[in-house]
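Everything below concerns the one structure shown next.
The values are calculated or read from the model by the stated rules, or taken from the named source; none is laboratory data. The structure presented is a predicted model; accordingly, all values stated were derived computationally and were not measured. Reconstructed Cβ throughout: ideal geometry from the backbone, glycine too, with neighbour counts over all protein chains shown.
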Amino acid sequence: MKELLVQLSDDLFKYLSFLERQNLIKSKDQAVCTSLEFYKMLSMHDWIPYVYRMGGGRILLFDSGSLRDLFHAMTDDEIYNAARMSAIKRKLTNPLFRDVDLTEKGNWNLILRELEIMGWGRFTRIRDEIRIELLAVPLSYILGYLETMFGTKFRHHRMRLADVTILVTEREKKVDAEP
């Protein structure tokens, strides 16, 4: 591990001191390191005022309530088709996906990790299943998105836990790349 001496503005130092007193952070050092991890994870080096970019595209910080209102005005089929179009565009515009075969389950974590970073929920792949915790978009959206990204159909396995969704791949059913 390397050591770095950093000068902070009085305002930032007071803020870190406040967080430390409130036990919201373990230490100022830990908060700065965590902040840099997020800086790296969110590709903040590409951010400029009013324009945030990640993975080759512009991202928006959008209130989840507003997003729910938008989805509420759509049918499940409209949501599913919108997700398919988004996935196709994402595959074409993200340079990280260009030479990656996303039909290979071993490559799925690339997409799932990106969705986690963007706050869609927590995604865990276990063999033929994807476990999603705290999903921020409707089920029809995530189905359309992942089915198009991975070129396979998923079946929703119902759980008793409200914030857990399980998607199971269906055997031998492929999804067309075009909506």
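Comparison of 152, 165, 148 shows that the only residue that is part of a strand (DSSP E or B), surrounded by 12 or more Cβ atoms within 10 Å (Cβ to Cβ) and among the polar types (S, T, N, Q) is 165. The residue of the range 40-66 that is surrounded by the most Cβ atoms within 10 Å (Cβ to Cβ), among those that are in a helix (DSSP H, G or I) and touching a helix residue (DSSP H, G or I) at 6+ places or on another chain (Cβ under 8 Å), is 44. Close Cβ contacts (under 7 Å, 6 or more residues apart or on different chains) running from residues in the range 17-34 that are among the β-branched types (Val, Ile, Thr) to residues that are outside any loop (DSSP other than H, G, I, E, B) comprise 25/19; 25/31. Only residues that are at pLDDT 90 or above and touching a Lys or Arg at 6+ places or on another chain (Cβ under 9 Å) were counted across the range 6-43, and they come to 6. I'd like the residue in the range 114-131 that is under 18 Å from residue 52 (Cβ atoms) and of a type outside the set (Asp, Glu) and, out of all such residues, is surrounded by the most Cβ atoms within 10 Å (Cβ to Cβ). Among them, the one singled out is 115. If only residues of the range 109-141 that are in contact with a helix residue (DSSP H, G or I) (Cβ under 6 Å, 6 or more places away or on another chain) and among the aromatic types (Phe, Trp, Tyr) are counted, the one that is nearest to residue 72 (Cα to Cα) is 141. Regarding residue 93, is this residue out of contact with any Phe, Trp or Tyr (no Cβ under 9 Å at 6 or more places or on another chain), closer than 30 Å to residue 107 by Cα and at pLDDT below 90? Yes; evaluated as a whole, the condition is true for this residue.
Restricting 77, 63, 99, 46 to residues that are among the acidic types (Asp, Glu) and modelled with pLDDT of 90 or more narrows the list to 77. Do we find that residue 150 is closer than 23 Å to residue 38 by Cβ and of a type in the set (Phe, Trp, Tyr) in this structure? When the stated conditions are applied, residue 150 does not pass them.
Among the conditions (1) surrounded by 14 or more Cβ atoms within 10 Å (Cβ to Cβ); (2) assigned to a helix (DSSP H, G or I), residue 106 misses just one, which is (1).
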